[in-house]
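Asks: Attaching a single structure in structure tokens format; questions to follow.
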Amino acid sequence: MLIKRKRGWELPESAATPEAVFWNRRQVLAATGFGLALAGVGGTLLGRSAALADDAPEIDPSASRYPVPQNTKYTLDRPITPEDIATKYNNYYEFGSNKTIWKDAQELPIRPWTVEIAGQVEQPMTIAIDDLLGKMPLEERLYRHRCVEAWSIAVPYSGFPLKALVDLARPLGSAKYLVMTTFKNPDVAPGQRQFWYPWPYVEGLTMAEATNELAFIATGYYGKPIPKQNGAPLRLAVPWKYGFKHVKGIVRFSFEENRPKSFWEELVPEEYGFWANINPEVPHRRWSQASERVLGLDEMRPTLPYNGYAEFVAGLYTGLEESEKLFM
Ligand SMILES: Nc1nc2c(c(=O)[nH]1)N[C@H]1C(S)=C(S)[C@@H](COP(=O)(O)O)O[C@H]1N2
Ligand SMILES: [Mo]
């Protein structure tokens, strides 16, 4: 029972075992609304497919959208990090506090996935991820990523400018901040059973930051749908800010009048704040931020102000230096 392969969400040749093909077909049926019809055909069949589903590779229904054209405006000063490193050395506390959560993150179901647009907007709405992807202008960008822990990577994200989502949401004049929230599902995310963390993970930007051209929502990585460990189906990328601002697995965009308290700020306010702009001259309370370990190269490199993106974003902060802790 072979299905003709013509779309990205279908399987690569190598993976097309009979089980995988069956699983594939089941997903197609579910996606087109024929799932119920299949259920009517026979419980045995369905039962068997469910049993096989555990081993079958999961097919991301957005795969046919990638690769997308590259926006060449954003350039790197170093080679792209090998994909195998960027997808296997991660921070995602929902799945554990070590760097090797990539396997555990596969437990996260990413379909169906509904995104809520809420707060100070003309019309609050919920939208299914694949409908949202269909509305957004997808492009690829090469960005540097600098973690507050002083390691860095350089990666190809696919996705859309956050401003496109803001335009879709039509915020009211009273909206001052955009607050983004990660899923909460302790059944699949063991870290979320650790009660001392303030789940769900929350991050925020000012409206000026959110509509800056660099603010990006990544939905793809290395020319494919973004892997779960990197924040599927959508995560923030704000490359002038430390990595912890790059909230993963977003389910909610809320436009707010008041500044949110983000996950790390709530947990360790002496060390992590709202702004988190990268500045080599402002050390972390426990280590220097002057240089960074470039993953994949056996190399330390000096960290640049705003991670090298000052020309795009430094102007956002004029006049705030005195009153705000911009660099933690
Ligand atoms: N929901 C959530 N988002 C998160 C984190 C997290 O623990 N939970 N970690 C952050 C940190 S500290 C970093 S450095 C980046 C890492 O992204 P990457 O694993 O895709 O490189 O994700 C950020 N987004
Ligand atoms: Mo980080």
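Asks: Among the residues of the stretch 235-257, count how many are among the small types (Gly, Ala, Ser) and near ligand 1 (Cβ under 8 Å from one of its atoms).
Replies: Final tally of qualifying residues: 2.
Asks: With the requirement that a residue be aliphatic (A, V, I, L, M) and either open to solvent by 30 Å² or more (accessible area, probe 1.4 Å) or within 15 Å of the chain's Cα centre (by Cα) (or both), what does the stretch 131-141 give you?
Replies: Leu132, Leu133, Leu138
Asks: Tell me which residues, restricted to the stretch 92-101, are assigned to a loop (DSSP other than H, G, I, E, B) and open to solvent by 40 Å² or more (accessible area, probe 1.4 Å).
Replies: The answer is Ser97, Asn98, Lys99, Thr100.
Asks: Scan the stretch 143-153 and give yes if some residue there is within 16 Å of ligand 1 (Cβ to nearest atom) and farther than 25 Å from Phe274 by Cα, otherwise no.
Replies: No, there is no match, as no residue in the stretch 143-153 is within 16 Å of ligand 1 (Cβ to nearest atom) and farther than 25 Å from Phe274 by Cα.
Asks: Could we say that Tyr201 is within 25 Å of Arg285 (Cβ to Cβ), within 16 Å of ligand 2 (Cβ to nearest atom), in contact (Cβ under 8 Å) with a residue 60 or more places away in the chain and among the hydroxyl-bearing types (Ser, Thr, Tyr) here?
Replies: Judged against the criteria, Tyr201 is a match.
Asks: Cβ-Cβ distance below 6 Å, separation of 6 or more or different chains: which pairs start in the stretch 159-185 with a residue that is within 22 Å of Tyr143 (Cβ to Cβ) and end on one that is in a loop (DSSP other than H, G, I, E, B) and small (Gly, Ala, Ser)?
Replies: Pairs found: Leu162/Ala215; Thr182/Gly249.
Asks: Only one of these conditions is not met by Arg301: (1) part of a loop (DSSP other than H, G, I, E, B); (2) open to solvent by 40 Å² or more (accessible area, probe 1.4 Å); (3) of a type outside the set (Val, Ile, Thr). Which number is it?
Replies: In the conditions (1) part of a loop (DSSP other than H, G, I, E, B); (2) open to solvent by 40 Å² or more (accessible area, probe 1.4 Å); (3) of a type outside the set (Val, Ile, Thr), Arg301 misses (1) alone.
The values are calculated or read from the model by the stated rules, or taken from the named source; none is laboratory data. In this text the structure is predicted, and so the values were computed from the model without any measurement. Quick reminder, even Gly has a Cβ in these numbers, built from the backbone with ideal geometry, and neighbours come from all protein chains shown. Surface accessibility is based on the protein's heavy atoms, side chains included, excluding ligands, DNA and RNA. Shrake-Rupley method; radii C 1.70, N 1.55, O 1.52, S 1.80 Å.
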